[in-house]
């Protein structure tokens, strides 16, 4: 015996469907291939056991906006651990999420905070940067104010960042991002490692050296011309670089944004 929905039931069903569509429309998901967590192709992990294989292998970025709050979720190809007792469910990762909101060349920044050694193409200039760090919010903000220069006002540090399973999540105020539809924005994610004792010219980031050590990535150079990034969204060949004879950058790694399909 078939059932006939009443007018009220039809309205209720319609509201449920509209809510489901709105939830899908408000979510951005961008995946990344596994096995490319070696920078431009030659980088290797530090030797200490806390840097488990896949820890910096980016697999997915998810952005979901719900009214006054926007969640950023970054997943990696290994279970998260907190070997240094940071208290948020993870310790070794440091994630930079760059966002291009208008897609306009010359609008935004092409340089990046110190310690990353990468830049963005002019048509992929970034407008906002969300940092997901296991360090305290106060520590990260202090570093941003001290080292990011005129970029500091465009950098957002979540009030709380946590790790669970294989996913690092940070929630920010939608108002801090400004107007716009996250589905239309361009994104780039840089996987780095949390460094509690950074150099003066590095924003809580860990260096890549020529040879790996207990807490140093290897496969790069001891000069400061190589990108200190293990993985990005999309084509990791963008991390290719070239050093001049004096150790300065002859060709800086130049990145572009990725858009949701």
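We did not get these values from a lab; they are worked out from the coordinates using the rules stated. This one's a predicted model, so the numbers in the text were calculated from it and none came from an experiment. Using ideal geometry, Cβ is built from the backbone for each residue, glycine included, and neighbour counts are taken over all protein chains shown.
Please arrange 80, 239 by how many other C-beta atoms lie within 10 Å of their C-beta, fewest to most. Please report the intermediate quantities before stating the final value.
Numbers: 80 22, 239 26.
Lowest to highest Cβ neighbour count: 80, 239.
Calculate the FRET efficiency for residue 244 and residue 142 from the Cβ-Cβ distance with a Förster distance of 30 Å, rounded to the nearest 0.05.
0.35
Among 185, 84, what is the fewest-to-most ranking by other Cβ atoms within 10 Å? Please report the intermediate quantities before stating the final value.
Working: 185 20, 84 13.
By the 10 Å Cβ count, ascending: 84, 185.
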Nearest 10, in degrees from 0 to 90: the angle of helix 137-147 to the longest Cα principal axis of the chain is 50 degrees
In degrees from 0 to 90, rounded to the nearest 10, what is the angle of the helix 7-25 Cα long axis to the longest principal axis of the chain?
10 degrees
For the chain, what is the Kirkwood hydrodynamic radius in Å, using each pair of distinct C-alpha atoms?
19.2 Å
Report the normalised scattering of segment 117-261 as log10 I(q)/I(0) at q = 0.18, 0.19 Å⁻¹, calculated by the Debye formula with identical scatterers on the alpha carbons.
-1.30, -1.44
Quote to one decimal, in nm, the extra length available between residue 222 and residue 235 on full extension: 0.36 nm per residue of separation minus the C-alpha distance between them.
2.2 nm
Determine, for 169, 184, the number of other Cβ atoms within 10 Å of each Cβ, and report the residues in order from fewest to most.
184, 169
